[in-house]
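Undergrad: My questions all concern the structure below.
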Amino acid sequence: MKRIRCSSSLCDQFLSSSRQIVPRPRITVTAKGPLLTSHTRALSTTPVRSQYYEKPINPYEPAPGEPLPRARNPLNSAKLAALHARLSLHPSYPIQTLARALIDQSADPIRFYNNSSLAYLGNSLLGYYGAEHFMCTYPRLPTLVLKSAMAAFVGPRPLAAIGREWGVETAFEPTPDVDAGLLQFKRLPPGTTVKGHLRPARSEGVPEEEAMANFVRATFAGVYLHEGVAASRQFFRQHVMSRKLDVDQLFNFVQPTRELSRLCAREGFTPPVARLISETGRMSRSPVFIVGVYSGQECLGQGHGASMDEARIRAAVNALKGWYLYSPANPVDLPSKMDVDPAASFAPAMIDVGEVIV
Amino acid sequence: MPVTALRAVSKAQNGVGAFVLQCKRLDFHYCDWAGASRGMKSFIAHKLADFAKANPQIEITVSPRPNQHPIIRGSYINGREKVICVRKLDHLQILQKAELLRNSSGQKLKKFSKPVKSMNEGVRGIFSPYHGEKHVI
């Protein structure tokens, strides 16, 4: 599992607001014209500027010492202040970072003003916290189910839902004079295909769901950078893991009886046998059979059904879910606990051999 | 073929982890001329600043609405709005109305007939007549 730590240099890198000054190769001008070096030839499409070139005045440039352009007015926005308070963010979380989290890449291509770097960091953190939670709490979860469970909590759809539940509204068009408390992104024209290779470039617009999910990721990264590891873990627990999902509803078994036999063979159990426990109304229009699958004397699972076959399959599914959804009795220590306090006591998580190969 | 997975999205449970106040915006409208707005103007002058300070998570706007009754309009996270006419009310009554809008969830009012509503399944499980001691007639 990957550990992410935040050093001050990383913090500077993600939050650096000043434009990066790229050293331009020196151009010597002769009577024939500029002598292009091999490096400058690659850049020859850019217009050649003199050494004493002055930057054009940009009304949306930030004032010295301010991370965002003045025109976006992050400090004058009532919506932004209300959002900050609604999320109970610490006063050390600046309003400017929250304003930047609301600016999508499609609204402002300059990466020092948009949320792309914050969203990238936030996505890594959300994936890390989500993965460690499920891998430690349900160590036997099959890979596909683990992925599905993670997507149900930290995928784009739940993240966009979280953003909407925070009361974030979207700007109609991402002009710089809109309220800084609105989500700013370029909308796609109606009827655009957003999946597969037909998906248009990001600069042409993004779906609302994607922009909203990126805002939530960027907000999460801001908590990590400004408030620290402990606060970001708590923020994750409060806003993401507090949501409701039954993991047992995610399984889709294709051949449960066969899978159960393979599991018993692998684990060295006695091969499973289905036995009828109880029945009623066999000759009526609504019979009920209760079937249990037994490995020796041990009942692995039970199921009911209108036919014995149905009940047997349900029993096998029940037994497999009992195996795959094993969870340690005591609350497990998550690896990110050590990020908060490296001296804390830590009990390693159980690692399972993996799902049954049928 | 081994087990495959179904797609699902987790459901929000506001207040289980973090609590997000559902009222996101309150608009106060008054009329400068009409006497029905006297209480509202007094409320805006003397009480609104404290109310806004006590509720930083709500965006508050004040705007004139000439020749109309004074109203408070609450906007909620679920997209609905609630409007209360505060004509001829004094500033304390208006404060009560503002608090009513703040505490509201934005849902339509409905009657709850069951004491508990939950997404979790019952801890006792469902009764099965086929298990346990069989009843002998």
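The values are calculated or read from the model by the stated rules, or taken from the named source; none is laboratory data. Note that this is a predicted model, so its numbers are computed, not measured. Neighbour counts run over all protein chains shown; Cβ positions are idealised from the backbone, glycine included. Side chains included, ligands, DNA and RNA excluded: accessible areas come from the protein's heavy atoms. Shrake-Rupley method; radii C 1.70, N 1.55, O 1.52, S 1.80 Å.
Undergrad: What is the residue count in the range B:66-81 for residues that are more than 15 Å from A:GLY167 (Cβ to Cβ), surrounded by 17 or more Cβ atoms within 10 Å (Cβ to Cβ) and either among the charged types (D, E, K, R) or within 14 Å of chain A (Cβ to nearest Cβ) (or both)? Write out each step before concluding.
TA: Residues of the range B:66-81 more than 15 Å from A:GLY167 (Cβ to Cβ): B:66-73.
Checking the rest, the ones that are also surrounded by 17 or more Cβ atoms within 10 Å (Cβ to Cβ) come to B:70-72.
Pick out the ones that are also either among the charged types (D, E, K, R) or within 14 Å of chain A (Cβ to nearest Cβ) (or both) and you get none.
Residues meeting the conditions: 0.
Undergrad: Continuing with this model, one more query. Return a yes/no flag: does the range B:61-73 have any residue that is among the charged types (D, E, K, R) and in contact with a Leu (Cβ under 9 Å, 6 or more places away or on another chain).
TA: First pass over the range B:61-73, keeping only residues among the charged types (D, E, K, R): B:65, B:73.
Then drop every residue that is not in contact with a Leu (Cβ under 9 Å, 6 or more places away or on another chain), which leaves B:73.
Looking through the range B:61-73, at least one residue is among the charged types (D, E, K, R) and in contact with a Leu (Cβ under 9 Å, 6 or more places away or on another chain).
Undergrad: If I go through the range A:206-259 residue by residue, how many of them are in contact with a Gly (Cβ under 8 Å, 6 or more places away or on another chain) and more than 30 Å from A:LYS186 (Cβ to Cβ)?
TA: Residues meeting the conditions: 4.
Undergrad: Additional query: What is the residue count in the range A:133-145 for residues that are under 18 Å from the mean Cα position of the chain (by Cα) and part of a loop (DSSP other than H, G, I, E, B)?
TA: 0
Undergrad: Of all residues in the range A:116-136, how many are out of contact with any helix residue (DSSP H, G or I) (no Cβ under 7 Å at 6 or more places or on another chain) and open to solvent by less than 30 Å² (accessible area, probe 1.4 Å)?
TA: Number of matching residues: 3.
Undergrad: Something else: Where residues in the range B:100-137 are hydrophobic (A, V, I, L, M, F, W, C) and more than 23 Å from B:PHE28 (Cβ to Cβ), which of them is farthest from the other protein chains (Cβ to nearest Cβ)?
TA: If we filter the range B:100-137 for residues that are hydrophobic (A, V, I, L, M, F, W, C), which is where we start, we get B:100-101, B:109, B:112, B:116, B:119, B:123, B:126-127, B:136-137.
From what is left, the residues that are more than 23 Å from B:PHE28 (Cβ to Cβ) are B:112, B:116, B:119, B:123, B:126-127, B:136-137.
Values: B:PHE112: 20, B:VAL116: 15, B:MET119: 5, B:VAL123: 14, B:ILE126: 10, B:PHE127: 13, B:VAL136: 15, B:ILE137: 14 Å.
The selected residue is B:PHE112.
Undergrad: Just to be sure I understand, how many residues within the range B:14-48 are under 16 Å from B:VAL83 (Cβ atoms) and either charged (D, E, K, R) or without any contact (Cβ under 8 Å) to a residue 24 or more places away in the chain (or both)?
TA: Selection size over the range B:14-48: 3.
Undergrad: Moving on to the next point. Of the residues that make up the range A:260-268, is at least one more than 12 Å from chain B (Cβ to nearest Cβ), surrounded by 15 or more Cβ atoms within 10 Å (Cβ to Cβ) and in a helix (DSSP H, G or I)? Spell out the reasoning first.
TA: Our first condition is that a residue be more than 12 Å from chain B (Cβ to nearest Cβ); within the range A:260-268, this holds for A:261, A:264-268.
Within this subset, residues satisfying the condition of being surrounded by 15 or more Cβ atoms within 10 Å (Cβ to Cβ) are A:261, A:264.
Next, from what is left, pick out any that are in a helix (DSSP H, G or I): A:261, A:264.
Yes, there is a match, as at least one residue in the range A:260-268 is more than 12 Å from chain B (Cβ to nearest Cβ), surrounded by 15 or more Cβ atoms within 10 Å (Cβ to Cβ) and in a helix (DSSP H, G or I).
Undergrad: Mind listing whichever residues of the range A:276-297 are within 17 Å of A:ALA316 (Cα to Cα) and more than 14 Å from chain B (Cβ to nearest Cβ)?
TA: Residues satisfying the conditions are A:VAL293, A:TYR294, A:SER295, A:GLY296, A:GLN297.
Undergrad: Take the conditions under 18 Å from the mean Cα position of the chain (by Cα), more than 30 Å from A:VAL356 (Cα to Cα) and in the same structural domain as A:LEU89 (by TED's automatic domain parsing) and apply them to A:ARG237. Does it pass?
TA: Values: under 18 Å from the mean Cα position of the chain (by Cα): yes; more than 30 Å from A:VAL356 (Cα to Cα): yes; in the same structural domain as A:LEU89 (by TED's automatic domain parsing): yes.
Yes: the conditions hold for A:ARG237.
Undergrad: Looking at (1) over 18 Å from A:GLN249 (Cα atoms); (2) surrounded by fewer than 15 Cβ atoms within 10 Å (Cβ to Cβ), which is the one condition that is false for A:SER278?
TA: The one condition A:SER278 does not meet is (2).
Undergrad: Within the range B:24-39, can one find any residue that is among the aliphatic types (A, V, I, L, M) and within 14 Å of chain A (Cβ to nearest Cβ)? Break it down stepwise before answering.
TA: Restricting attention to the range B:24-39, the residues satisfying the condition of being among the aliphatic types (A, V, I, L, M) are B:26, B:34, B:36.
Filter once more, keeping what is within 14 Å of chain A (Cβ to nearest Cβ): B:26.
For the range B:24-39, residues among the aliphatic types (A, V, I, L, M) and within 14 Å of chain A (Cβ to nearest Cβ): present.
Undergrad: Suppose we filter the range A:157-203 for residues that are of a type outside the set (Val, Ile, Thr) and surrounded by 13 or more Cβ atoms within 10 Å (Cβ to Cβ); how many remain? Walk me through it before giving the result.
TA: Just the residues of the range A:157-203 that are of a type outside the set (Val, Ile, Thr), to begin with: A:157-161, A:163-167, A:169, A:171-174, A:176-177, A:179-191, A:195-203.
Within this subset, residues satisfying the condition of being surrounded by 13 or more Cβ atoms within 10 Å (Cβ to Cβ) are A:157-161, A:163-167, A:169, A:171, A:174, A:176, A:179-188, A:199-200, A:202.
The total comes to 27.
Undergrad: Let me ask you something else. Given the conditions (1) under 17 Å from A:PHE269 (Cα atoms); (2) open to solvent by 70 Å² or more (accessible area, probe 1.4 Å), report the number of the one that A:MET308 does not fulfil.
TA: Failing condition for A:MET308: (1).
Undergrad: Within the range A:327-347, is even one residue within 13 Å of chain B (Cβ to nearest Cβ), surrounded by 13 or more Cβ atoms within 10 Å (Cβ to Cβ) and closer than 30 Å to A:VAL293 by Cα? Explain how you work it out, then say what you get.
TA: Here is the first cut: in the range A:327-347, the ones within 13 Å of chain B (Cβ to nearest Cβ) are none.
Looking through the range A:327-347, none of the residues is within 13 Å of chain B (Cβ to nearest Cβ), surrounded by 13 or more Cβ atoms within 10 Å (Cβ to Cβ) and closer than 30 Å to A:VAL293 by Cα.
Undergrad: Something else now. Mind checking which pairs have a first residue in the range B:116-137 that is under 24 Å from A:THR280 (Cα atoms) and at pLDDT below 85 and a second that is surrounded by 10 or more Cβ atoms within 10 Å (Cβ to Cβ) and among the hydrophobic types (A, V, I, L, M, F, W, C), Cβ under 6 Å, 6 or more apart or different chains?
TA: Going by the 6 Å Cβ cut-off, the qualifying pairs are B:TYR130/A:ILE290.
Undergrad: If A:ARG314 meets every condition in (1) over 26 Å from the mean Cα position of the chain (by Cα); (2) surrounded by 12 or more Cβ atoms within 10 Å (Cβ to Cβ); (3) in a loop (DSSP other than H, G, I, E, B) apart from one, which number is that one?
TA: Result: A:ARG314 fails condition (3) only.
Undergrad: Take B:SER10 and tell me if it is facing chain A (nearest Cβ under 8 Å), buried (at least 19 other Cβ atoms within 10 Å of the Cβ) and of a type in the set (S, T, N, Q).
TA: Details: facing chain A (nearest Cβ under 8 Å): yes; buried (at least 19 other Cβ atoms within 10 Å of the Cβ): yes; of a type in the set (S, T, N, Q): yes.
Yes, satisfied.
Undergrad: Can you name the number of the only condition in (1) away from every other protein chain (no Cβ under 14 Å); (2) under 17 Å from the mean Cα position of the chain (by Cα) that B:LYS88 fails?
TA: It is condition (2) that B:LYS88 fails.
Undergrad: Assess whether B:GLU121 counts as being acidic (Asp, Glu) and open to solvent by 70 Å² or more (accessible area, probe 1.4 Å).
TA: Yes; evaluated as a whole, the condition is true for this residue.
Undergrad: Turning to a different aspect of this structure: Against the conditions (1) surrounded by fewer than 15 Cβ atoms within 10 Å (Cβ to Cβ); (2) free of Cβ contacts under 8 Å to residues at least 60 places away in the same chain; (3) more than 13 Å from every other protein chain (Cβ to nearest Cβ), where does B:LEU95 fall short? Just the number, please.
TA: (1)
Undergrad: Shifting gears a bit: So, of the residues in the range A:149-185 that are within 12 Å of the chain's Cα centre (by Cα) and among the small types (Gly, Ala, Ser), which turns out to be nearest to A:GLU132 (Cα to Cα)? Walk me through how you get there before you give the answer.
TA: In the first step, residues of the range A:149-185 are kept if they are within 12 Å of the chain's Cα centre (by Cα); the result is A:149-160, A:162.
If we keep only those that are among the small types (Gly, Ala, Ser) as well, we get A:149, A:151-152, A:155, A:160.
Working: A:ALA149: 12, A:ALA151: 14, A:ALA152: 15, A:GLY155: 15, A:ALA160: 22 Å.
Result: A:ALA149.
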